[in-house]
Amino acid sequence: MPRILVTYATRYGSTRDVAECIRNRLTDAGFDADLLQANHEIDVTKYDALVVGSPLFAGQWLADPALLLIVNKERLNTKPVALFSVGMIDVKHPGKLREQHDTWIEKVTTQSEIDLDIVATGTFDGAYWRRDFPLWMRIVDRIIGVTPEGDFRNWATIEEWADIVASKITTALDDAETASAETTEC
């Protein structure tokens, strides 16, 4: 049974919930899937594939998942990887989250010379609760009023994406196994 790491960063818990949903779908699909908060010390060699996610703030991921990719770039270039971002910008500006996600992924992989076998990328609306912020941020946020408050996560969309990821990882692992067998026979 293939082993998959679902790893994430979160600031207020929304991305953790999305990652947990993805892990549950991968487990339902027959994978041995672990859920861990991202950090650069995770031993990625124990896994056949990775799903990595972060909230997207000001067009960037939080540091830990990016560092995980950078520190492990040599160990990840042969593993299928799926990447996802969670954010609130699409609530008012549809399509902007995908644009920022794609730009950030391109930037970090190019600058850090990371060659990933990216099998899928996804973007999901998040949840935003002012009560999670320190008092000064709540005051500023109320004055500016930029982000609508509420839970905008679409669980059906997240589950559908996780099912696609399961299929693409299966295909990538099967293709790698076939290529390895053909190389061994020669």
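The values are calculated or read from the model by the stated rules, or taken from the named source; none is laboratory data. For clarity, every value in this text was computed on a predicted model and none was experimentally measured. Don't worry about glycine lacking a Cβ; one is built from the backbone with ideal geometry, like all the others, and counts go over all protein chains shown. What goes into the accessible areas is simple: the full protein's heavy atoms, side chains included, and nothing from ligands, DNA or RNA. Shrake-Rupley method; radii C 1.70, N 1.55, O 1.52, S 1.80 Å.
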May I ask you to give the percent of accessible area on the chain that is carbon plus sulfur, with a probe radius of 1.4 Å? 50 percent
For the ranges 126-132, 86-92, what's the packing order if you count other beta-carbon atoms within 10 Å of each residue, average per peptide, and put the highest first? 86-92, 126-132
17 Å reach of a label modelled at V140, 7 Å along Cα-to-Cβ, counting backbone N of segment 59-100: 59-60
Normalising by the residue count of segment 74-124, find the relative contact order in percent from Cα pairs under 8 Å and 6+ residues apart. 61 percent
Which helices pass in the chain if a helix is a full DSSP H run, must span at least 18 angstrom along its long axis by Cα, and must have mean Kyte-Doolittle hydropathy not below -1.0? 14-28, 155-185
Rounded, prolate or oblate: pick one for segment 58-113, where a ≥ b ≥ c are the square roots of the eigenvalues of its C-alpha gyration tensor, a/c under 1.5 means rounded, and failing that, prolate if a/b is larger than b/c, else oblate. prolate
Considering only DSSP beta bridges whose two residues both sit in segment 1-110, what percent are antiparallel, to the nearest 5? 10 percent
Averaging the inverse of every distinct alpha carbon separation and then flipping it gives the Kirkwood radius. What is it for the chain, in angstrom units? 17.2 Å
Using the beta-carbon distance between F133 and L36 and R0 = 35 Å, what value does 1/(1 + (r/R0)^6) give for FRET efficiency, to the nearest 0.05? 0.85
Treating segment 18-58 as a set of equal point scatterers at the Cα positions, no solvent, please give the Debye-formula log₁₀ I(q)/I(0) at q = 0.21, 0.22 Å⁻¹. -0.75, -0.81
Taking all protein chains together and a probe of 1.4 Å, list V52, V71 from the most accessible to the least accessible. V71, V52
Accessible surface, segment 79-136, averaged per residue in Å² (probe 1.4 Å): 51 Å²
Given the rule -39500 (n - 2.57) for each run of at least 4 DSSP H residues, summed and divided by the residues of the chain, what is its mean residue ellipticity at 222 nm, to the nearest 500 deg cm²/dmol? -15000 deg cm²/dmol
Taking every Cα atom in segment 72-176, find the radius of gyration and the maximum pairwise distance Dmax, and write them in Å. 17.2, 54
